[in-house]
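Notes to accompany the following structure.
Bear in mind these aren't lab numbers, they're just calculated from the coordinates by the rules spelled out. What you see is a predicted model; the values in this text were computed from it and never measured. So basically every Cβ, Gly included, is an ideal-geometry build from the backbone, and we count neighbours across all protein chains shown.
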Amino acid sequence: MLSGFAYNYIRNDGTIVSPNADDKSHHLQDILIYFQNEVPEPVGVDPIAFNSLGDAYPNPFNPTTTIKYTIKERAHVSLRVYNVAGQLVRTLVDEMQAPTAAGFAKEWNGMNDLGQPVSSGVYFYKLVTNNFSQTKKMVLLK
């Protein structure tokens with residue numbers, strides 16, 4: 001967009017009193033208003049999606065606990081429970097998923113993949129998706 005001079009020569013000299021804009025953005029706003037495009041004051045930004053693995057709740061638990069997580073993009077998601085020896089106990093999620101605003105919540109009832117109850121103790125749950133992996137600990141008390 002032409003404004004009569006190079007944009008990079010605009011300096012912040014402190015004459016603009018708007019708390020949300022510097023001289024360059026104020027100049028650009030003036031140009032857009034000149035072309036009859038109203039530009040409101042910025043009020044915030046949309047939240048950025050990210051991968052996260054929440055804490056199991058309740059923890060310690062008996063008989064069930066809920067694991068919450070979020071993903072930032074459509075991807076294959078794996079959520080698995082392991083014992084302290086590193087052996088796979090239960091696969092809770094193993095599928096393609098698309099992100100949602102509310103995230104995801106998966107309940108574990110203390111059963112293994114064969115439907116048998118597991119013993120009391122420490123277990124680890126691991127979320128794996130595109131370029132992301134995180135593991136947390138939970139305790140089953142009977």
| message | Can you pull out every residue in region 119-134 that is within 21 Å of the chain's Cα centre (by Cα), touching a residue at least 24 places away in the same chain (Cβ under 8 Å) and part of a strand (DSSP E or B)? | response | PHE124, TYR125, LYS126, LEU127, VAL128, THR129, PHE132, GLN134
| task | Only residues that are of a type outside the set (Gly, Ala, Ser) and either exposed (fewer than 13 other Cβ atoms within 10 Å of the Cβ) or touching a Gly at 6+ places or on another chain (Cβ under 7 Å) (or both): list them for region 92-108, please. | result | ASP94, GLU95, MET96, THR100, GLU107
